[in-house]
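Notes for the one structure printed next.
The values are calculated or read from the model by the stated rules, or taken from the named source; none is laboratory data. Being a predicted model, the structure only gives us computed values, none of them experimental. Glycine gets a Cβ as well: all are built from the backbone with ideal geometry, and neighbour counts include every protein chain shown. The protein model used for the area step is the full one, side chains on, heavy atoms only, and it has no ligands, DNA or RNA in it. Shrake-Rupley method; radii C 1.70, N 1.55, O 1.52, S 1.80 Å.
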Number of protein chains: 2
Amino acid sequence: MKRLDRKITLRDIATEAGLSTTAVSKVLNDKGSTSSETQERVKKIAERMGYRPNLVAKSLKDNCTKTIGLVVADSSHSFLGSVIKGAQEEAARFGYNIILANTNRNRETEKKAINLLLEKRIDGLLLASSMLIQKIDKPFLESLGIPYIFLVRRSEDKEDAFVGNDNIRGAFDMVEYLIKTGSKKIHFLNMDKSSTSSKDRLKGYIKAHENYHIPYDSRLVYNMRPEIEEGYTAMREILERGEKVETVFCGCDIIGIGAMEAILEKGLKIPEDIRICGYDDIEFAAYLRKPFTTMRQPKEIIGVKAIDLLLDRIQNVQEKPGVVMLKSELVVRQST
Amino acid sequence: MKRLDRKITLRDIATEAGLSTTAVSKVLNDKGSTSSETQERVKKIAERMGYRPNLVAKSLKDNCTKTIGLVVADSSHSFLGSVIKGAQEEAARFGYNIILANTNRNRETEKKAINLLLEKRIDGLLLASSMLIQKIDKPFLESLGIPYIFLVRRSEDKEDAFVGNDNIRGAFDMVEYLIKTGSKKIHFLNMDKSSTSSKDRLKGYIKAHENYHIPYDSRLVYNMRPEIEEGYTAMREILERGEKVETVFCGCDIIGIGAMEAILEKGLKIPEDIRICGYDDIEFAAYLRKPFTTMRQPKEIIGVKAIDLLLDRIQNVQEKPGVVMLKSELVVRQST
DNA sequence: GTGAAAGCGCTAACAC
DNA sequence: GTGTTAGCGCTTTCAC
């Protein structure tokens, strides 16, 4: 694959047309005033020579790259894949591009990635399921000098811009549904304590208990990383301990997949012996061994709204309210 | 979020240090010769002022952005999510970034995306499940003037660089397994005829039949888009027609999910009444109602190898062989 | 060991 | 309506 001859520049067109680069630039950008005769001629030449504006040069001049950094925990997780898609397509609508970085939930990887993005002069930053949500990370993020928005997982500083679903309400709705349909003792396989989403889902869980006068028992609540394996192990241990299990609310579908696995392995029936449900409605929740009751997060919309909010901050000085709480939707399937 | 004060430039550091920008540049890049005293001083100042090199300026000078375009059909599909992850992380290892674009399997969207990427001066292009695989698309791709590599879905021109799994062999292995374990009549719910992967999987399917002296019956082969819905509809129609179905090989797991749905809905048992299997081993194949026998594609490795090949072409003039065929692995689960 | 000058490709300000 | 100039931030000669 030989490197093709040098790219065509404005200067090449100018020479060809016997004009200045300025004139050509004006024509191609429909700015300033040029004779319609010139316009036609220049456009034709540009077309013929296969001219492509060099946005790197433009970026240098404008001090703006029309590029947004999107840092995600793991692009192979289908949940984040949808968020990425929503963000990328919405950005494209406005002529923006997305540079993607995976962090694997590692703080250092994430910081390094952000630093590189900043050197590439991204105009703004989206942090999806970021690890940099603590107070201690604020100085780093502020030092970036560009707008940034948290997605999916909220930062500890409630002033920070955020787009995601309302976890308190979502968890409340789910537990309320479980209670109303006969459950009294609800095990909760929640995500890590450190995660804000997990804290909020616990709040919703507790609130629903209070609301229906069911005493809250913290011994029913477990915390784990959102991995299939972890859900499996936790559920298995609970069952092997001989504990009476009636209903299991999983903090996310991934944990739910593992938990379901453990339940079925024990020869128990879903939902006859144990009712189980999750949160997120990942792509395959409907196609698990038992189609999964879950809260459907508006995944692509999260990406879309995040871009809208970010572009607003990039383009305007004044601030719109910075927290967008989208509603999740209860999807009832056979697992409950 | 007030736009922070202008970013620190080499000039700022130079002024502060009482040196020229040249000197500072040399220090910060460990090039040319500078006194160790100067080096230390400059580095300290840069550190203190929070200097971040402006890669846009460097790109303009170097005529190289250390950025790669990755065009995918749909980043929310878990298969491509893994490919993206592999590619992004491998690129990062070499200081490259990935700009991601979704095409939604639309030729025009894809072309438009590529054009924008080119204006941003990407150094190379990765096309994952591209629509631009026909002979007719070659001139467009060649006009880009940068190396490009097809991923996952191969282009019609066999000279084009490609990284993916060996579909002929994969399909052969699967069908061979089915035959050896007792299947004689194997329905094949393949993907669109237009797709190269689909053609190759059909070749493998036929080859295995020949190899085991089972007559090939084209009436058992169906083609459809890789959507759950399509697999469901196709399978349902076959069953409603009262056709005797013994074994179903699905061209991809997504189709398989739909087909399985239709089979179970009919009250048929898997694998007792019908054996069914797929291809790809998407994230959730193991957690379907019946864990799915499938061919595991080396998804992340595809991304990794593609970057390796692309960087090689970006950095060197001479060509390495341009086709990387990775082996897929048979994963036997309960559905067969 | 250090610096002045030129240039990457583009555009905005300002002549003419 | 068109051209000249300067400058975005960086690096690379080539002097000194």
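Numbers at a glance
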read-out	value
A:Glu229 modelled with pLDDT under 95, farther than 23 Å from B:Glu227 by Cα, assigned to a helix (DSSP H, G or I) and open to solvent by 60 Å² or more (accessible area, probe 1.4 Å)	yes
Test for A:Tyr279: is it modelled with pLDDT of 95 or more and assigned by TED's automatic domain parsing to the domain that holds A:Ile186	yes
Members of region A:97-108 that are open to solvent by less than 10 Å² (accessible area, probe 1.4 Å) and part of a loop (DSSP other than H, G, I, E, B)	A:Thr103
Every residue from region A:287-314 that is assigned to a strand (DSSP E or B) and among the polar types (S, T, N, Q)	A:Thr293, A:Thr294
Identity of the residue in region A:269-314, free of Cβ contacts under 8 Å to residues at least 12 places away in the same chain and more than 12 Å from every other protein chain (Cβ to nearest Cβ), that ends up least open to solvent (accessible area, probe 1.4 Å)	A:Asp273
Any hit, region A:73-85, residues being aliphatic (A, V, I, L, M), in a helix (DSSP H, G or I), away from DNA strand D (no atom under 16 Å from the Cβ) and surrounded by fewer than 22 Cβ atoms within 10 Å (Cβ to Cβ)	no
Residue check, A:Leu117 within 28 Å of B:Ala91 (Cβ to Cβ) and within 10 Å of chain B (Cβ to nearest Cβ)	yes
Flag if A:Ser35 is more than 11 Å from chain B (Cβ to nearest Cβ) and within 15 Å of DNA strand D (Cβ to nearest atom)	yes
Subset of region B:315-336 [assigned to a loop (DSSP other than H, G, I, E, B), open to solvent by 60 Å² or more (accessible area, probe 1.4 Å) and at pLDDT 90 or above]	B:Lys327, B:Val332, B:Gln334
Yes/no for A:Lys7 being modelled with pLDDT of 95 or more, open to solvent by 50 Å² or more (accessible area, probe 1.4 Å), within 11 Å of DNA strand C (Cβ to nearest atom) and within 14 Å of chain B (Cβ to nearest Cβ)	no
Counted residues, region B:46-62 - those being within 13 Å of DNA strand D (Cβ to nearest atom) and more than 8 Å from chain A (Cβ to nearest Cβ)	6
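Every residue, every condition in (1) polar (S, T, N, Q); (2) touching a residue at least 12 places away in the same chain (Cβ under 8 Å); (3) within 7 Å of chain A (Cβ to nearest Cβ), yes or no:
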position: B:Gln39; (1), (2), (3): yes, yes, no
position: B:Ala73; (1), (2), (3): no, yes, no
position: B:Ser82; (1), (2), (3): yes, yes, yes
position: B:Ile99; (1), (2), (3): no, yes, yes
